[in-house]
Amino acid sequence: MSRWIRFVGWLFTSLTGLCCLMILAMVVIILGDILVHGAPGLSWEFVSAEPRVGMTEGGIFPAIFGTVALVLLMTAAVVPLGVATAIYLHEYAAQDSRVVHLVRLALQNLAGVPAIVFGLFGLGFFVQFAGGGLDALFFGGRLAFGQPCILWAALTLAVLTLPTVVVATEESLRAVPKSYREAAYSMGATRWQVMRRVVLPQSVGGMLTGAILAISRGAGEVAPIMFTGAAYYLPYLPKKLNDQFMELGYHIYVMTTQSPDVEATLPILYSTVLVLLLVTFGLNFTAVIVRSRIRRRLRQT
Amino acid sequence: MSDADSVIEVRGFSAWYGTHAALEDVSLDVLAGEILGIIGPAGGGKSTFLRSLNRLNDLQANFRSSGTIRYLGLDLADPRVDVARLRRRIGMVFAVPVPLPGTIRDNLALGPSFNGTRADLPALMEKTLRAAYLWDEVKDRLGMSAFSLSGGQQQRLCLARTLMMEPDVLLLDEPCSGLDPISTAKIEDALEELKKEVTVVLVTNNVMQASRVADRTAFFLQGRLVECGPTAQLFLTPKETVTNEYVSGRFG
Amino acid sequence: MSSLPPAAEDLFLRPRSVLLERIVEWTIRSSAFVVIAALVLIFVFVGKEALPILTSSAVHEEVDLVRMVAPLESGGFSWQPVSTVPKYSLLPLFLGTLKVTLVALLFAIPVALGAAIFTSEFAPQGIREVLKPVVELLAGIPSVVVGFFALMVLATWLQDAFGLLLRLNAITAGLGLAVAVIPIVYTVAEDALTAVPQVFRDGSFALGANRWQTAWRVVLPAAMPGVFAACVLGAGRAFGETMIVLMSSGNAPTVSLDPTESFRSFSATIAAELGEAVHGGPHYHVLFFLGAFLFVVTFGLNLAGHWYVGRLRDKMQGKSRLASRGGGR
């Protein structure tokens, strides 16, 4: 009997341990495969040159440029909004108030909305409603913003990444000791002065983490930008807010599913995937380091 | 109107955190230029009382109060009162030193910056640091992190930081509770000097400290003011037996 | 009482400083409302374009709700929105979504739960600190990359290993989808398991149970609402995920529950067809209708998931308070 119990225990432990190994194996296999096949194609020319011969040769510079421009625009929109929301939730609102519950509920659910629904929303709200409205109001009905473009794609991604920024910022606000706030208030600071002079400088790291995580998330999302601004191929770089743009993830999707000769483009494709991974993981890694720095500093004080 | 020489008048003041009553029907005057000591066992409402004087309890979501507190005849609950301005005039030092991140100079400059006044800051810093008996120890390293100071030095920095606002009234919440005897002595010396310019309310759970520095002493027990009088009288001939038991160390 | 000393009147609020504080407060307050507004706007603007399916007679000439659900006049069910007689049966898409979600969950839930149990109950601290970043890494892989991998590599491996007829099928897509689902199930489940107070385990050990008995009979039941939440949230993710399925499903709207056949999901249909659908046409509105459906279903799953998380939190707080009170005596 006791031998049997010991055997079941051993089995249970090994099975669950095996699950861990499987997760580890997935990461290693996926990343390893892409690294092995993608690394040989990486070169300065690859990241700095235009695509040639129907995108089967040359580089992916326009896609990299478009991705960077997209996420920068997105960051400019989502960070102020997300930080302000976090400040509201943690500093201004009465805790346990209805509004706070509602905002938190909205954030949780926003984080669970499928990416493709964001794409539909971006098309319906930004491109057609906001863009069409702008055109009717300011451009005399001429088509300017009522079409998919980098601005609307960036704003769509901003809505998608909003929960990420709020959560990271709120975590860092929580890490600022209550005694700092009391000390500042007792010195005659107004609420905004307490925020600006004492609390926010202490939580810059959290905001940075939020921004980085949002960027790394935004840089990898394809479904929301398919109909809101990403282009299959463009002979020029986006220069205005209402230009379309090429983007790494969308580029990968298009090349994988719609290329006439996938085998021929496979090496280039692998390298493109590797570049996208380097961008997202590079940013993620930075966020991890920034976060651990903050935690260490907080532990010291 | 009130007596000319009372700075703060408290009348029938009660306070609650949620359903827990922290203060019940307290009436007490703080006289101009005195050091008022407040003693009593922990949980007796001393800190709540002190934090009501500069409305710091407003930060507590579930805090409620009734009764009035007047400062210079002005009801603190008056909606016209600018709480921030009030707190610049009624400064506070906490039980645990709370240096803020940044240099010693940053800490001292913070309070005046809230006010927008940029008077002669370096001179004012020297004055307050001297008043807090800290000048000699830090005059050569004002640019160093406030965290590099020892606990006693940090608390004196907090005192100096509060003095930078040139307050009328100084509220001290057990300022020496974590300090060594030498630092404590320095703060007590500083208070003796300070009372020429400011009125001091000193909460302490060290009965001897009250007897050393306070002009008058109030004894709080379980949210009520038991009695208040000149320090010598309260210690030697208290009206209530429970006060006698507390100051002679029989409980608390 | 009428006259206050000037020093007291100096304490009154100044309009200018009040104004600044008000402006800041309203800016901050309104940005929080933007979050609520965003969710409402998503619903309104997706719903607005989906509504003609129910109301517009122009759309009804080509499609309506009954024709999307009932068998076609020509018999059977089929999804052919761009043929001369467009056909909009939802059944093929429903079956496709169902089978890929099932495959993904059948694989992801046991693996993620097993790993969560291992990390919270058996693993030494060191392994725990390795696995968390690994799972974060897995979660950080963009879904287009997972889709690429499933399409290019996984499909070939599975075809060779099992001798499948088609490269792209529900097994390939389901396993790819599992990569996206595992991190969320693992994270929520692991949180739930570690939230179980240590006294539960100590009590069980004291009664002579060993670690797996404790894990299986004490910790897992105690954490059940959280584990359930993990599964529900994972299902929501699987149901709505687009790129992985789009790239590795074969996109054939077949009426079949056979996991070795190609299929097409709701989400992938939107992604694949919206680019070509005529703006304002019946097809366009049908695709938004699918989007609204996705939104409502995932919204429901998320609400349910977070409700269970909340219930677990209440339960643990109640019990741990009891436990600590008991421990204090």
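The values are calculated or read from the model by the stated rules, or taken from the named source; none is laboratory data. All of these numbers come straight from a predicted model, not from anything done at the bench. Cβ atoms come from the backbone with ideal geometry, glycine included; neighbour counts cover every protein chain shown. All accessible areas refer to the heavy atoms of the entire protein, side chains included, with ligands and DNA or RNA removed. Shrake-Rupley method; radii C 1.70, N 1.55, O 1.52, S 1.80 Å.
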(message) Going Cα to Cα from C:Lys99, which lysines come in below 24 Å? Please leave out same-chain ones fewer than 8 positions away.
(response) C:Lys87
(request) Based solely on C-alpha atoms, express the radius of gyration and the Dmax of the range C:68-328 in angstrom. (result) 21.8, 77
(request) Would you pull out the residues with amide H under 5 Å of B:Asp29's amide H, same chain only if 5 or more places away, H placed 1.01 Å from N? (result) B:Val10
(request) Report the trypsin sites (Lys or Arg not before Pro) located in the range A:207-247 that are in a DSSP loop and have at most 15 other Cβ atoms inside 10 Å of their Cβ, or state none. (result) A:Lys239, A:Lys240
(message) Whole-Hz ³J(HN,Hα) for each residue in the range A:4-15, computed from phi via Karplus 6.51 cos²θ - 1.76 cosθ + 1.60 with θ = phi - 60°, x for glycine and proline: what do you get?
(response) 5, 4, 5, 5, 4, x, 4, 5, 4, 5, 5, 4
(request) Calculate the mean, over all residues of peptide B:82-93, of how many other protein chain Cβ atoms lie within 10 angstrom of the residue's Cβ. (result) 6
(message) Give the aspartates and glutamates whose C-alpha is closer than 18 Å to that of C:Lys315, dropping any in the same chain fewer than 8 places away, or say none.
(response) C:Glu190, C:Asp191
(request) Would you check the accessible area of C:Phe299, probe 1.4 Å, heavy atoms only, in square angstrom rounded to 10? (result) 60 Å²
(request) Could you work out, residue by residue across A:222-228, how many beta carbons of other chains sit within 10 Å of that residue's beta carbon, and then give the average as an integer? (result) 5
(request) Roll a 1.4 Å probe over the protein heavy atoms and report the accessible area of B:Arg105 in Å², nearest 10. (result) 110 Å²
(request) For C:Arg217, B:Arg87, C:Arg29, give the ranking by accessible area with the largest first, probe 1.4 Å. (result) C:Arg217, C:Arg29, B:Arg87
(message) Using a 1.4 Å probe on the protein heavy atoms only, what accessible surface does B:Met144 show? Give it in Å² to the nearest 10.
(response) 80 Å²
(request) In whole Hz, with x marking every Gly and Pro, tabulate ³J(HN,Hα) for the range A:178-195 from phi via Karplus 6.51 cos²θ - 1.76 cosθ + 1.60, θ = phi - 60°. (result) 4, 4, 4, 5, 4, 4, 5, 4, 5, 8, x, 7, 7, 4, 5, 5, 4, 4
(request) Keeping every protein chain in place, order A:Trp44, C:Trp79, B:Trp135 by accessible area at 1.4 Å, biggest value first, i.e. largest first. (result) A:Trp44, B:Trp135, C:Trp79
(message) For the range A:238-287 and the range C:83-145, what is the centre-to-centre distance using only Cα atoms, to the nearest Å?
(response) 23 Å
(request) Send over the semi-axes of the range C:1-70's equivalent ellipsoid, whole angstrom and largest first, taken as the square roots of 5 times the C-alpha gyration tensor eigenvalues. (result) 60, 11, 9
(request) Mind checking A:26-33 for the average number of partner chain beta-carbons within 10 Å of each residue's beta-carbon? (result) 6
(request) Pull up the cross-link candidates among the lysines for B:Lys127, meaning alpha carbon to alpha carbon under 22 Å and not fewer than 8 places away within one chain. (result) B:Lys139, B:Lys186, B:Lys195, B:Lys196
(request) May I ask you to work out the translational diffusion coefficient for the protein assembly as shown at 20 °C, viscosity 1.002 mPa s, via Stokes-Einstein with Rh from the Kirkwood sum over Cα pairs, reported in whole µm²/s? (result) 68 µm²/s
(message) Please compute the modelled spin-label separation between A:Asp96 and C:Val296, points set 7 Å along Cα→Cβ, answer in nm with one decimal.
(response) 3.6 nm
(message) Give me a comma-separated list of calculated 3J(HN,Hα) values for the range C:217-223, in order, Karplus coefficients 6.51, -1.76, 1.60 applied at θ = phi - 60°, integers in Hz, x for any Gly or Pro.
(response) 9, 10, 5, 4, x, 5, 8
(request) Distance between Cα centroids, the range C:28-42 to the range B:176-252: provide it in whole Å. (result) 53 Å
(request) From largest accessible area down, sort C:Ser30, C:Ser204; use a 1.4 Å probe on the protein chains. (result) C:Ser30, C:Ser204
(request) Out of all DSSP beta bridges with both ends in the protein assembly as shown, state the antiparallel percent to the nearest 5. (result) 60 percent
(request) Enumerate the amide H contacts of B:Val226 below 5 Å, restricted to partners 5 or more residues apart or on another chain; note that Pro and chain-start residues carry no placed amide H. (result) B:Phe219, B:Phe220, B:Leu221
(request) May I ask you to compute the full-extension gain from C:Asp314 to C:Ala252, defined as 0.36 nm times their residue separation minus their alpha-carbon distance, rounded to one decimal in nm? (result) 17.7 nm
(request) Enter the accessible area per residue of chain B (Å², integer; probe 1.4 Å; all protein chains in place). (result) 41 Å²
(message) Summing both sides, how much accessible area is buried between C and A? Use a 1.4 Å probe and give Å² to the nearest 100.
(response) 6500 Å²
